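The values are calculated or read from the model by the stated rules, or taken from the named source; none is laboratory data. In this text, all values refer to a predicted model and were calculated from it rather than measured experimentally. Note: ideal-geometry Cβ built from the backbone for every residue, glycine included; neighbour counts use all protein chains shown. All accessible areas refer to the heavy atoms of the entire protein, side chains included, with ligands and DNA or RNA removed. Shrake-Rupley method; radii C 1.70, N 1.55, O 1.52, S 1.80 Å.
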Amino acid sequence: MEILNQIVPGDLTKGYEIAGTGTIDQNGNVGQIGGIRDKIIAAHHGKIDIFFCPADINPGDMNTKDILDEAKKKGYNIRIIPVKTMQEALDFLKALPSKAA
């Protein structure tokens, strides 16, 4: 996403601190990863506003469930956005209003 932010006109982040995780295949599909509970802890320490995570699609997928559970248990105020594709993340950012100062 950082590469896209550098080559796409305008600022995709619109003033927000944004992070995310997951695998991305050649078709832009976002896949499950390990250690997602640790990644939301790091995002909290990094003062992240919005965190993209892999959506739980298949039986046994747990990234969305785990990250939402960890954020709730820790009381983190991070907007967690599950996505199936890179395009979903980009569409979310394009529709995002600019962050109030």
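So here's what we get for this one:
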item: Extreme residue, modelled with the lowest pLDDT, among residues of region 86-101 that are open to solvent by 50 Å² or more (accessible area, probe 1.4 Å) and assigned to a helix (DSSP H, G or I); result: Lys94
item: Counted residues, region 38-76 - those being open to solvent by less than 30 Å² (accessible area, probe 1.4 Å) and acidic (Asp, Glu); result: 2
item: Residues located in region 10-37, provided they are touching an Asp or Glu at 6+ places or on another chain (Cβ under 7 Å) and open to solvent by 50 Å² or more (accessible area, probe 1.4 Å); result: Glu17, Gln32, Arg37
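Residue-wise test of (1) over 18 Å from Lys99 (Cα atoms); (2) under 13 Å from the mean Cα position of the chain (by Cα).
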| position | (1), (2) |
| --- | --- |
| Ile3 | yes, no |
| Ala19 | no, yes |
| Asn29 | yes, no |
| Gln32 | yes, yes |
| Ile48 | no, yes |
| Phe52 | no, yes |
| Asp66 | yes, no |
| Lys72 | yes, no |
| Ile81 | no, yes |
